[in-house]
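Quick notes on the structure that follows.
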Ligand code: ADP
Ligand code: MG
């Protein structure tokens, strides 16, 4: 579905992704994790034609994304980025914008079919109750749902999301991630999402990609990637990896400085 082959790209300031190779299969739900500044957003930008690689190739359905017209690419690929401009239009109008890549030549207005698809996207994401509210006057959780509804109105095959649950409390996080997983299964939508929260990533994703300093440090099932030694090295902090007692998925706990010191002195005393 999505293939990055030896992709290097970056910014004038100095940061660069360094020879990233990664394949995402159709129908997968993959999480990109890693510390702040490790290149997660840059990776999404490279995968979505918003940043041109210095070398290497990004393919979707086997075709180089830089050889495709942006409007055609937008029928396959939708992105929910962190930097979406929020404009004072209603949620319904905003979601309808997702239909633009599908408009025919000389079509400037939406058709009934476009409205139907936008309405279905709002239904799936439970946006209908606030569809007539302004985008600027809804909660953070509602805004995330509206952004996803707009992406779904594009009828994409591949959805890229950048930290869709930041700023949401745990109940809204679960609601949003459950929705993303339902969409992944019911629409056989391939999903790649950048996630800040390792535990949520482990709970929801089939596969994790762990980034560190512009490189892929580990790829695999949560059990393989959530290794305490790997995580401690990448995050440069002391961590304990345990398990969610109900789902059985690995989860990570921080260890405070005080606890570390107490442990060290107990250790020294027992010697
Ligand atoms: P992450 O999403 O993992 O936190 P990013 O991919 O956003 O990391 O950023 C990686 C690095 O690239 C950071 O050091 C950041 O400062 C730098 N960076 C991000 N965007 C730009 C930009 N537009 N111009 C210059 N440097 C940037
Ligand atoms: Mg980021």
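The values are calculated or read from the model by the stated rules, or taken from the named source; none is laboratory data. Keep in mind that what you see is a predicted model, and the values were worked out from it rather than measured. Glycine also receives a Cβ, built like all others from the backbone with ideal geometry; neighbour counts cover every protein chain displayed.
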The residue from 95, 33, 87 that alone is away from ligand 1 (no atom under 16 Å from the Cβ) and touching a helix residue (DSSP H, G or I) at 6+ places or on another chain (Cβ under 6 Å) is 95
The one condition residue 165 fails out of (1) closer than 21 Å to residue 141 by Cβ; (2) surrounded by 23 or more Cβ atoms within 10 Å (Cβ to Cβ); (3) in contact with a strand residue (DSSP E or B) (Cβ under 8 Å, 6 or more places away or on another chain) is (3)
Considering the stretch 229-247, residues that are in contact (Cβ under 8 Å) with a residue 24 or more places away in the chain and touching a strand residue (DSSP E or B) at 6+ places or on another chain (Cβ under 7 Å), and then whichever is surrounded by the most Cβ atoms within 10 Å (Cβ to Cβ), we arrive at 231
Out of curiosity, is residue 26 in contact (Cβ under 8 Å) with a residue 60 or more places away in the chain, in contact with a strand residue (DSSP E or B) (Cβ under 9 Å, 6 or more places away or on another chain) and within 12 Å of ligand 1 (Cβ to nearest atom)? no
Within the stretch 1-35, the residues that are within 16 Å of ligand 2 (Cβ to nearest atom), outside any strand (DSSP E or B) and at pLDDT below 95 are 11, 13, 15
